[in-house]
Amino acid sequence: MSPAIHAVIRRRAVVRRALAAAALLPALAACGSGGTPQTPASAAPRREGPEGAHRVGIVYGLLQPESVRYDPEQDVYFVSNMLGFGSAKDGAGYILRVDASDFSRMRIFAEGGKNGVTLNAPKGMALHGDTLWVADIDVLRAFDRHSGAPLATVDLQPQNAVLLNDVAVGPDGAIHVTDTGIIMSPKGILHPGGDKIFVVGPGRAVSLQGAGVQRPNGITWDPKGQRWIVVSFGNFESEVYALKPGESTHTVLAKGLGRFDGVESLPDGRLLVTAWNDSSVHLFGRGRDDRIVRGLSQPADLGLDTRRHRLAVPLPMLGRVEFWEMPAE
């Protein structure tokens, strides 16, 4: 048996062991008989920031979780896990499906090398109809949101994709994908360039949006402002900026200390942003910048549970996802 096959087998064993551990640990944080989220003694509810966001649970034992997407139809979270380095085409990635009402109920939704699935280092995700779209280094992959069956692949290598990071779908159905232009390697995060935003339209025609964007990372559609919101992954300074459909220039809305990662828009137009350099979740809007969650180790692409007004924040280096209830308005 070749070393490559041995490596794949070992990776699969790692995934199975991690999921077995994850299935036990979140039982401590899962819903009790009354349906109210309970939290393990080691993760007591923690209140942060002036608005009083508080943690209501944790899912442990994951393998570099990078992004969370909430599915309101099924009331589940999809969690993408890179397992290896973020630019490694090792076939080791997987996506977990977690019951939003009971964190102990989880299963593998899609796993590289099984059931016809290819996943290397999956990151951002977006739902459109019955499809879950996933960014995977230099390709977009589509899965049936119910069964996890692979549906399609959009190869962006011919367009010189470097590191596809986040995915969002606009009101016209076009898929927007950020390319941060970085390499996540054993040497750390390198920046060879190639920063861009891809737009995949009808017939899977590919175009670009936004001239001069720098290290675009998280992206989301803002229904209230009818615009795209993008955050940048700059080393020492990051921006939140807006892009109007059909326009090439962008407007800076806010700035921070660096390495903004995920972004979600609230119905009232305020924006949630995760930031590595100050280990926080920011709430931008109404002329304010509130750090509603602090002390997070490199928080990645957060998800927003619209039913419970709850944040799901992946922490890749710690191998877990933390769930935080948003403060009352």
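The values are calculated or read from the model by the stated rules, or taken from the named source; none is laboratory data. Keep in mind that what you see is a predicted model, and the values were worked out from it rather than measured. Note that each Cβ is placed from the backbone with ideal geometry, even for glycine, and that neighbours are counted across all protein chains shown.
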Report summary line: Counting only residues in the range 72-107 that are among the polar types (S, T, N, Q) and within 14 Å of the chain's Cα centre (by Cα), the one surrounded by the fewest Cβ atoms within 10 Å (Cβ to Cβ) is identified as 81
Report summary line: the range 202-253: strands (runs of 3 or more DSSP E) wholly inside it with 3 or more residues that are under 20 Å from residue 284 (Cα atoms) and over 20 Å from the mean Cα position of the chain (by Cα) are none
Query raised in the report: Do we find a residue being assigned to a strand (DSSP E or B), over 22 Å from residue 121 (Cβ atoms), at pLDDT below 95 and not small (Gly, Ala, Ser) anywhere in the range 172-192?
Result: no
**Report entry** residue 110 vs. criteria surrounded by 20 or more Cβ atoms within 10 Å (Cβ to Cβ), modelled with pLDDT of 95 or more and farther than 30 Å from residue 248 by Cβ
**Finding:** yes
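Provide a single number: the residues in the range 279-293 that are part of a strand (DSSP E or B) and in contact with a Ser or Thr (Cβ under 9 Å, 6 or more places away or on another chain).
Total meeting the criteria: 6.
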Report task. Restricting attention to the range 283-299, report how many residues are over 16 Å from the mean Cα position of the chain (by Cα) and within 19 Å of residue 323 (Cα to Cα). Result -> 7
Query - Filter pass, residue 126 being among the hydrophobic types (A, V, I, L, M, F, W, C) and touching a strand residue (DSSP E or B) at 6+ places or on another chain (Cβ under 8 Å) - result: yes
Requested in this report: List every residue pair whose Cβ atoms lie under 9 Å apart, where the two residues are 6 or more positions apart in sequence or sit on different chains, the first residue falls within the range 242-258 and is surrounded by 14 or more Cβ atoms within 10 Å (Cβ to Cβ), and the second residue, located anywhere, is among the hydroxyl-bearing types (Ser, Thr, Tyr) and assigned to a loop (DSSP other than H, G, I, E, B).
Outcome: 243/249
Query raised in the report: Can you find a residue in the range 289-301 that is surrounded by fewer than 21 Cβ atoms within 10 Å (Cβ to Cβ), under 21 Å from residue 102 (Cβ atoms) and of a type in the set (Ser, Thr, Tyr)?
Result: no
Report summary line: Selection from the range 224-241 of residues more than 16 Å from residue 176 (Cβ to Cβ) and surrounded by fewer than 18 Cβ atoms within 10 Å (Cβ to Cβ) yields 224, 235, 236, 237
**Report entry** Complete set of residues in the range 111-120 that are touching a residue at least 60 places away in the same chain (Cβ under 8 Å) and either of a type in the set (Asp, Glu) or touching a strand residue (DSSP E or B) at 6+ places or on another chain (Cβ under 6 Å) (or both)
**Finding:** 111
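One line per residue, one yes/no per condition, for (1) outside any loop (DSSP other than H, G, I, E, B); (2) of a type in the set (Asp, Glu):
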| position | (1), (2) |
| --- | --- |
| 264 | yes, yes |
| 274 | yes, no |
| 277 | no, no |
| 295 | no, no |
| 298 | no, no |
Query - Leading residue by the ranking (farthest from residue 317 (Cα to Cα)) among those in the range 143-171 that are small (Gly, Ala, Ser) and not in a loop (DSSP other than H, G, I, E, B) - result: 152
